[in-house]
Number of protein chains: 2
Amino acid sequence: MSTSGRPHGDARKERILDVALKTFADNGFRGASIAEIADRCGLSQPGLLHHFPSKAALLAAVLDHRDRLDAERLGFGEELRGAEALERLATLVEHNAQLPGLVRLFTVVTGEAVAEGHPAHDWAVRRYRALEGFLARALEAGVADGTLAPGIDAAAVARQVFAMMDGLQSQWLLDPSSADMPALFRDYIEQLIARISVAGN
Amino acid sequence: MSTSGRPHGDARKERILDVALKTFADNGFRGASIAEIADRCGLSQPGLLHHFPSKAALLAAVLDHRDRLDAERLGFGEELRGAEALERLATLVEHNAQLPGLVRLFTVVTGEAVAEGHPAHDWAVRRYRALEGFLARALEAGVADGTLAPGIDAAAVARQVFAMMDGLQSQWLLDPSSADMPALFRDYIEQLIARISVAGN
C-alpha cells in the first residue's frame, strides 16, 4: 500500500488494521492475541495499545473499516432501487470472491458474536439491521415506481437475501472448489428478480 | 434426562456431552476450556480426560452427537424424495427454533471452522457434502418420478437451501425478536417448490 503523503501515524494505524484483520480472520477474536498482532506489526504491546487501547477496541476498528469499504462498494447513499439494488449485491459477492481474508473475518467474527456478551455482538446486530433496512427501502422504492410487484414483504425478502449471501460465504470458505459462491448467489438473485418483478420491467 | 437402565459410564458420558455442547455453544471451541467443562460436570480434569482424551476429541464427539440427532429427525435413510425432502427441512428448522443452544453450537463452531487447521474444519466440510448429497439425491429422485422439473441443477439447489438455512440461523441467534427463522425458511422452501415442481404435482 502506498502511504506517500499520509501522516506517519495514519499509515501505522492502517498497517495495524490490515494485520489485525488477517489475525482475527485466521483465529477469531478469542483466538487472536494483542501480543501476536503487535509482533506482526513490528511494535511492542504498549506501542500497539497506544493506538488501540484494547483488543475489543481493535476489533471494533477493524469491523468499522470493513463496513466502510463495503458501504462504498454497495453504493449506500446513492439512489439504488428495486432490481438494481439486488444486482449490485450480486456484483459485491463477485468482488468478495477475490477477498477470502475479508470474508473469513466477517464469517468467523459473526459466528462468535451470536454469543451474548461477545464484544462484536452489538455490532453484528446493528450491521444486519442496517443492511436489511437499506435493501428493504430499495425494494419498497421499486414497488413505488411500479417495477416490483405490490404486496411483496420487503423486510422478509431482505433477510432472505442476506441469509443466502452469508450461508454461501461459509460453504465457499470451507470448500472453495465445490461451492461457486458468486454463481450460486447470482442465480438466486435472478430467480428472485424474476419472481418479484412486474412483467415487462 | 432419565438414565435408568443405562450403564453408569454411558450416563456420565451423556452428561459430559450435554455440558460440553452448552460450553462450546457459549464460548466456541477456542474459548472453551477442559477445566471449565470438567468443573461443570463435577469431575476432575483427569476424570474428564479419562472419557475424552482431548478438547478436540470432545468437540468431535459433541458434533457427532448433534449430527446423529439431526439425521434421525431428517429421516436420513428413509425414502424421501422431491418436495417431501424440502418440506422435511422446513419442519427441521421449526424444531431447531426450540433448541437455540444446539443451533448456537453449530453456528459458532462452523464459523470458527472456516479457518484451515481448526479441529472441526474437516467435520464441517464432510457435513456439508453429506447434507448436500442427501438433498441433491432426493431432488433427482423427484425429477425421475416426474414431480420435479427436468433440468434443475440439484446440487446447486441443495447448496442454496443449506445456505439459506445457515444464514437465517445466524440472524435469528443474533436478533431473535426480529428474525422469524422458521417462517422465513418455510416461505423460501414454498417459493422453491413452486418454481421447480411440475404443474399439477
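FYI, it's all coordinate maths here, none of it is from the lab. Keep in mind that what you see is a predicted model, and the values were worked out from it rather than measured. Backbone-built Cβ (ideal geometry, glycine too); neighbour counts: all protein chains shown.
Among B:118, B:50, B:65, the largest mean-square fluctuation in a Gaussian network model of chain B (Cα springs under 10 Å) belongs to B:50.
Checking every one of the GluC sites (Glu not before Pro) in region B:79-156 against DSSP loop status and a limit of 12 other Cβ atoms within 10 Å picks out B:79, B:116. Across B:146, B:133, B:82, mean-square fluctuation computed from a Gaussian network of chain B (C-alpha pairs under 10 Å connected) peaks at B:146. Nearest 10 degrees is fine. How inclined is helix B:154-174 to the longest principal axis of chain B, computing both from alpha carbons? It works out to around 50 degrees. Computed per residue of the protein assembly as shown from DSSP H runs no shorter than four, each worth -39500 (n - 2.57), the mean residue ellipticity at 222 nm is -24500 deg cm²/dmol.
Against chain B, whose longest principal axis comes from its Cα atoms, helix B:55-74 is set at around 40 degrees. Taken one residue at a time, the phi angles of region B:188-198 give Karplus couplings (6.51, -1.76, 1.60, θ = phi - 60°) of 4, 4, 5, 5, 5, 4, 4, 6, 9, 7, 7 Hz. Gly and Pro are set to x. Neighbouring Cβ atoms from other chains, within 10 Å of the Cβ of residues in A:98-110, number 2 on average.
Both numbers refer to the Cα atoms of chain A; Rg and Dmax are 19.0, 63 Å. Between amide H atoms placed 1.01 Å from N, distances below 5 Å from residue A:148 occur with A:143, A:198, all of them 5 or more places distant or on a separate chain.
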